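> First, the structure itself, so that you have it in front of you.
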Amino acid sequence: MDLVVRQGSIQAAAADTIIVNLFKGVTIPAGASGAVDQALGGAIGELIAGGDFSGKLGEVGVLYPRGAIAARRVLVTGLGEQEKFDLEQVRKAAAAAIKKAQELGARRVASIVHGAGIARLPAGLATQAMLEGTLLALYQFDGARHEREEKTEIASFSIVECDDNKIEAINQAVEITRSIIAGVIVARDLVNEPPNVATPTRMGEIAKQIAKEHGLNVVVGDRAWAAGQKMGAYLAVARGAGEPPTFIVMEHNGRREDMDTIVLVGKGITFDTGGISIKKADGMGEMKTDMAGAAAVLGTMKAVAMLDLPLRVIGLAPCTENMADAHAYRPADVVTASNGKTIEVISTDAEGRMILADALVFANNYRPKAVIDLATLTGAAIVALGQNVAAGLFSTDDWLREQLVTAGATTHERVWPLPLWDDYHEAIKSDVADIKNSGGQYGGVGTSAMFLKAFTNYPWAHLDIAGVANNKKGKAYTPAGATGFGVRLLVEFLRNWRSD
Ligand code: BES
Ligand code: MN
Ligand code: ZN
């Protein structure tokens, strides 16, 4: 789909479908929507007066100008309540409008920037949110289906703004958002792919492809490489895997040690059977999403490279299946991580923290200013925060925590702080090793985070994304399936980074 920015009035746009908007409760349209209303002889006002349209978020009214303007249809998207208005309402209103346009077979769509007029959101931010809602709502994963749902392809989307002074900000936002969306799509595609396709090898291939396309350094370490790094915890999980494991290292500005270094780490379990501590059959297929953290890191690295952020950003993704075969690691095994710490295996299903332990130790090679890991780590995170609400956030650094909460609020990829209290460490003390990999029934989200903390020695944040990586029902701009959670959040966080 072509994205274009045009200065002018929306009622004059050369498109088959134009999109305007209205807040809930407005009876007389103003601004650009008012101009369209006038051109149509008061048709929008009549839609409201007749009770056919209220401006509720998600609601879309349809009008046919019959020659009064160039477009053959006008969509009026509800912005919801003006008192609560924010960027998320822009995303949702844009998503509802574009889905309606697609349903009606629109090919050339033009829209005003929701929120940049009367609501006075900064034009750049409003544009970004509108494009996120638009492009992410149109995302479709076809997979291996031979008979696809026949949806018309929207050929162009024009952003029409009458105020000359806003055009530059809008153009900039379009370029930034293109990069961000490209990253989100990488993450969604990888998570949506079946586990026999999105293998550790394929994760490595995608990483190499991204690196080649955008000039990143990349290393895809195999079993022997990991053995050379003494990654005993990661290799323990990989022992039972038929698919060869890959440990992905991607570097943006890799040699620029003068720049602040941020390391991103993503859990890349391409399928989690639980291993010898095997999961029940019911719902096990969902564990194909257990590499969502790694997928988010790959997607973020793509966006970071496209944006050419002035930072040294390192992406690490330890990838492997967690399977149960004759070579698989066992409960009661004791293994040694790359920092020399010994781990007693209580459950082979607590595999995420095992592979992350070695990745977090590896991160220290870069002398990072901050390390952020993303992992579909625990069912307990879903119990604590619910499904598709927020990721659990743990951090050893107050500033880092605040920055992530702020980035989460802006992007609506929300993260919520949970405590790293020593009490949780009590539960993972071992009699036979330095630490054990499970703390039992209660507080699983906290004990898993305390386990990871034992392998860090820099400002660190952990995001438990178990509840937000996948979406069963489909929401405004997130079709059912992978959400791509983390890419927009991390890019926002990195774009706001200020060196001290
Ligand atoms: N990948 C799972 C966590 C998970 C559960 C993600 C549901 C998404 C949805 C993880 O590896 C796991 O199995 N965690 C165990 C830990 C326990 C054995 C200590 C859990 O949460 O039950
Ligand atoms: Mn598991
Ligand atoms: Zn897992």
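> How many residues does the range 347-363 hold that are open to solvent by 10 Å² or more (accessible area, probe 1.4 Å) and more than 12 Å from ligand 2 (Cβ to nearest atom)?
Adding up the residues that qualify gives 2.
> May I pose another question? Just give me the residues in the range 255-291 being open to solvent by 10 Å² or more (accessible area, probe 1.4 Å) and more than 13 Å from ligand 1 (Cβ to nearest atom), in sequence order.
R255, R256, E257, D258, M259, D260, A281
> Please find, within the range 327-362, the residue that is nearest to ligand 1 (Cβ to nearest atom) out of those that are under 12 Å from G275 (Cβ atoms), touching a helix residue (DSSP H, G or I) at 6+ places or on another chain (Cβ under 6 Å) and assigned to a loop (DSSP other than H, G, I, E, B).
Of everything passing the filter in the range 327-362, E351 is nearest to ligand 1 (Cβ to nearest atom).
> Any residue at all in the range 69-77 that is out of contact with any Lys or Arg (no Cβ under 8 Å at 6 or more places or on another chain), in a strand (DSSP E or B) and among the small types (G, A, S)?
Scanning the range 69-77 turns up no residue that is out of contact with any Lys or Arg (no Cβ under 8 Å at 6 or more places or on another chain), in a strand (DSSP E or B) and among the small types (G, A, S).
> While we're here: I'd like the full set of residues that are among the β-branched types (V, I, T) and farther than 27 Å from A295 by Cα, limited to the range 151-186.
Of everything in the range 151-186, those that are among the β-branched types (V, I, T) and farther than 27 Å from A295 by Cα turn out to be T152, I154, I159, V160, I167, I170.
> Can you pull out the residues in the range 114-154 that are farther than 20 Å from E83 by Cα, open to solvent by 50 Å² or more (accessible area, probe 1.4 Å) and more than 19 Å from the chain's Cα centre (by Cα)?
A144, R145, H146, E147, R148, E149, E150, K151, T152, E153
> If you don't mind, another one. Does the range 474-481 contain any residue that is part of a loop (DSSP other than H, G, I, E, B), touching a strand residue (DSSP E or B) at 6+ places or on another chain (Cβ under 7 Å), at pLDDT 95 or above and surrounded by 18 or more Cβ atoms within 10 Å (Cβ to Cβ)?
no
> Let me ask another. Can you list the helices (runs of 4 or more DSSP H) found entirely within the range 378-462 that contain at least 3 residues being within 16 Å of ligand 3 (Cβ to nearest atom)?
The qualifying helices (runs of 4 or more DSSP H) are 379-385, 444-453.
> Going through the range 271-291 one residue at a time, which ones are more than 10 Å from ligand 3 (Cβ to nearest atom) and either within 16 Å of V220 (Cβ to Cβ) or over 22 Å from the mean Cα position of the chain (by Cα) (or both)?
I276, S277, I278, K280, A281, D282, G283, M284
> Which members of the range 236-254 meet the condition of being closer than 28 Å to A482 by Cα and either free of Cβ contacts under 8 Å to residues at least 60 places away in the same chain or surrounded by fewer than 19 Cβ atoms within 10 Å (Cβ to Cβ) (or both)?
The answer is G242, E243, P244.
> Let me ask something additional. Does L393 qualify as being within 25 Å of A182 (Cβ to Cβ) and open to solvent by less than 40 Å² (accessible area, probe 1.4 Å)?
Here the answer is no, as L393 does not meet what is asked.
> Follow-up question, since we're still on this one. Only one residue in D37, D16 is farther than 21 Å from E132 by Cβ, without any contact (Cβ under 8 Å) to a residue 40 or more places away in the chain and of a type in the set (D, E, K, R). Which one?
D37
> Restrict the check to the range 428-445 and report whether at least one residue is acidic (D, E) and loosely packed, with under 15 Cβ neighbours inside 10 Å.
So far as the range 428-445 goes, yes, one or more of its residues are acidic (D, E) and loosely packed, with under 15 Cβ neighbours inside 10 Å.
The values are calculated or read from the model by the stated rules, or taken from the named source; none is laboratory data. Everything quoted here is computed from the prediction, not taken from an experiment. Here the Cβ is made from the backbone with ideal geometry for all residues, glycine too, and neighbour counts use every protein chain on show. These area figures cover heavy atoms from the full protein model, side chains too; ligands, DNA and RNA do not enter into them. Shrake-Rupley method; radii C 1.70, N 1.55, O 1.52, S 1.80 Å.
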